[in-house]
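Asks: One structure, pasted below without further comment.
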Amino acid sequence: MFIGHFALGFAAKRAVPQVSLAVLFGAAQLADLIWPVLVAAGIEQVRIDPGNTASTPLDFVSYPYSHSLVMLAVWGALLGWICARATPGRRVFGIVFALVLSHWVLDVVTHRPDMPLFFGGPKLGLGLWNYPAIEKAIEAGMYAAGVWVYLGATSARDAAGRWGLLALAAFLFVGFLASSAPPPSVTALWATAFGLGLLILVWAHWADQHRSHA
């Protein structure tokens, strides 16, 4: 799952318009923002394994701190509390918390059984990645719906708000369609994941600042 996570971030803007799109993206993608840091530190492990599924060349050996249901509940509660303190609103905590947990739910649908419930606990996964045509169609549909909701909930204040947002949406979609060739090394994998994650958050914050609540 890739743009499906961003789809929920886009759509959540209607429920909490006072929260930056970057924060909503960060919540939906928190697991994947924490993960490269922990891989770089040697706390979590991933192996390059072409053919692991039909859609990804990666074997997620161990990632209980970033991707287990229990830890995402902890991270979600912490991020939700921070966001609710920084941006008051009745729905802020609940939406941010739900976005963080949604990452686990969507990944369970797509991953093979490697998504942990808790550290050392059972792992789940329905393996939709082994049916790439179906998986891509579902994600593309989710993404189109999420972007549509966001565009209906906001309006561009200037050219940056219009074209910056559309460029971001296109960038994410092209990245989704790009082939998942095996990375040259685990180091290249986590460095790229971390760098792209930060780029997308900065881009989302900038584009969102140039849009108004509809």
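The values are calculated or read from the model by the stated rules, or taken from the named source; none is laboratory data. Only a predicted model underlies this, so the values are computations on that prediction, with no experimental measurement involved. Note that each Cβ is placed from the backbone with ideal geometry, even for glycine, and that neighbours are counted across all protein chains shown.
Asks: Just checking, does segment 53-68 include any residue being among the hydrophobic types (A, V, I, L, M, F, W, C) and over 22 Å from G195 (Cβ atoms)?
Replies: Yes, segment 53-68 contains a residue that is among the hydrophobic types (A, V, I, L, M, F, W, C) and over 22 Å from G195 (Cβ atoms).
Asks: Right, something else. Just to be sure I understand the filter: pairs with C-beta atoms under 8 Å, separated by 6 or more residues or on different chains, first member in segment 179-192 and over 11 Å from D49 (Cα atoms), second member modelled with pLDDT of 95 or more and among the small types (G, A, S). Which pairs pass?
Replies: As it stands, the answer is T187/A40; W190/A40; A191/A40, since those pairs meet every condition given.
Asks: Just give me the residues in segment 107-127 being more than 14 Å from S55 (Cβ to Cβ) and in contact with a Gly (Cβ under 8 Å, 6 or more places away or on another chain), in sequence order.
Replies: Correct list: V108, P113, M115.
Asks: When residues of segment 145-160 are filtered for being out of contact with any Pro (no Cβ under 7 Å at 6 or more places or on another chain) and either on the phi > 0 side of the Ramachandran plot or touching a residue at least 60 places away in the same chain (Cβ under 8 Å) (or both), how many remain?
Replies: Qualifying residue count, segment 145-160: 7.
Asks: With the condition kept exactly as written, say whether any residue in segment 162-170 is charged (D, E, K, R) and in contact with a Ser or Thr (Cβ under 6 Å, 6 or more places away or on another chain).
Replies: no
Asks: Name the single residue that is modelled with the lowest pLDDT among those in segment 187-214 being in a helix (DSSP H, G or I) and either of a type in the set (S, T, N, Q) or under 15 Å from A11 (Cα atoms) (or both).
Replies: If we take residues in segment 187-214 being in a helix (DSSP H, G or I) and either of a type in the set (S, T, N, Q) or under 15 Å from A11 (Cα atoms) (or both), then T192 is modelled with the lowest pLDDT.
Asks: Can you tell me which residue in segment 166-183 is nearest to the chain's Cα centre (by Cα), limited to those that are surrounded by 14 or more Cβ atoms within 10 Å (Cβ to Cβ) and in a loop (DSSP other than H, G, I, E, B)?
Replies: So, considering only residues that are surrounded by 14 or more Cβ atoms within 10 Å (Cβ to Cβ) and in a loop (DSSP other than H, G, I, E, B), the one nearest to the chain's Cα centre (by Cα) is S180.
Asks: Checking G121 against (1) over 20 Å from the mean Cα position of the chain (by Cα); (2) at pLDDT 95 or above; (3) not in a helix (DSSP H, G or I), which test does it fail?
Replies: Among (1) over 20 Å from the mean Cα position of the chain (by Cα); (2) at pLDDT 95 or above; (3) not in a helix (DSSP H, G or I), G121 violates only (2).
Asks: Any idea which of (1) surrounded by 15 or more Cβ atoms within 10 Å (Cβ to Cβ); (2) free of Cβ contacts under 8 Å to residues at least 12 places away in the same chain is the one W163 doesn't satisfy?
Replies: Failed condition: (1).
Asks: So, one more: Can you pull out every residue in segment 133-160 that is loosely packed, with under 15 Cβ neighbours inside 10 Å and either acidic (D, E) or under 23 Å from H67 (Cβ atoms) (or both)?
Replies: I134, D158
Asks: Taking the residues in segment 154-165 that are small (G, A, S) and assigned to a helix (DSSP H, G or I) as candidates, determine which candidate is nearest to S20 (Cα to Cα).
Replies: For segment 154-165, the residue satisfying everything is G161.
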